[in-house]
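As structure tokens, the structure follows; a few thoughts come after it.
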Amino acid sequence: MARGINKVILVGNLGNDPDTKYTQGGMAITRISLATTSVRKDKEGNQQERTEWHRVVFFGKLGEIAGEYLRKGSSVYVEGSLRYDKYTGQDGVEKYSTDIIADEMQMLGGRGDGGGGGGGGERQSRPQRQEYGSSSAPQRRQPAPAQQAPMNDFEDDDIPF
């Protein structure tokens, strides 16, 4: 039985280019600032927007991919967990930070609209959708079968229980 769940799912846009650094061991650490915006109506019926900014950190191969393909304005789906840290600043004052430690990432949108790629002006006719996770290799979803097989194609004797 699980002791607890710490899961964050975000879909938003990068507020700046990724910042990638490498550890002495060669592991990539990429940080992004991700904006999510929600819209609601107030008492008078006017639409009110609220933008939240999230600090997201990618490690390892996922950090390399994020640093290479994401750019300011890119739309991205991120899954991860919350991490709270406390540290002492240069001025001696204790400070707190909240980061999302990403373990899954999916770039949304095509190359021409900030979805990554780095190509100069190339535009795809279909949006680019690639998933990246902690398995280190790009994962692509398999397309759904065009037709579902009818459920009554088997006899009761074929059921193993």
Margin query: Suppose the filter is surrounded by fewer than 16 Cβ atoms within 10 Å (Cβ to Cβ), in contact with a Phe, Trp or Tyr (Cβ under 7 Å, 6 or more places away or on another chain) and either of a type in the set (Gly, Ala, Ser) or modelled with pLDDT under 95 (or both); does residue 25 pass it?
Written below: no
Notebook entry, point to check: Among the listed residues 32, 5, which satisfies the condition of being of a type in the set (A, V, I, L, M, F, W, C) and touching a residue at least 12 places away in the same chain (Cβ under 8 Å)?
Noted result: 32
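Please specify each residue of region 22-65 satisfying the condition of being of a type in the set (A, V, I, L, M) and under 13 Å from residue 101 (Cα atoms). Can you show your working first?
The first filter runs over region 22-65 and keeps only residues of a type in the set (A, V, I, L, M), leaving 27-29, 32, 34-35, 39, 56-57, 62, 65.
Correct list: 29, 32, 34, 56, 57, 62.
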Next item on the list: Please state which of the following conditions residue 17 fails to meet, knowing it meets all the rest: (1) at pLDDT below 95; (2) of a type outside the set (Gly, Ala, Ser); (3) out of contact with any strand residue (DSSP E or B) (no Cβ under 6 Å at 6 or more places or on another chain); (4) surrounded by 10 or more Cβ atoms within 10 Å (Cβ to Cβ).
Entry: (1)
Note to self: Condition first: among the aromatic types (Phe, Trp, Tyr) and either closer than 16 Å to residue 17 by Cβ or modelled with pLDDT under 95 (or both). Can you find one or more residues in region 70-85 that meet it?
What the structure shows: no
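Let's see how each residue does on (1) surrounded by fewer than 17 Cβ atoms within 10 Å (Cβ to Cβ); (2) among the acidic types (Asp, Glu); (3) at pLDDT 95 or above:
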position: 41; (1), (2), (3): yes, no, no
position: 48; (1), (2), (3): yes, no, no
position: 56; (1), (2), (3): no, no, yes
position: 61; (1), (2), (3): no, no, yes
position: 64; (1), (2), (3): no, yes, yes
Check: Taking into account only those residues within region 70-98 that are in contact (Cβ under 8 Å) with a residue 60 or more places away in the chain and in a strand (DSSP E or B), which is farthest from the chain's Cα centre (by Cα)?
Finding: 82
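The values are calculated or read from the model by the stated rules, or taken from the named source; none is laboratory data. Fair warning: this is a prediction, and the values are worked out from it, not measured in the lab. Backbone-built Cβ (ideal geometry, glycine too); neighbour counts: all protein chains shown.
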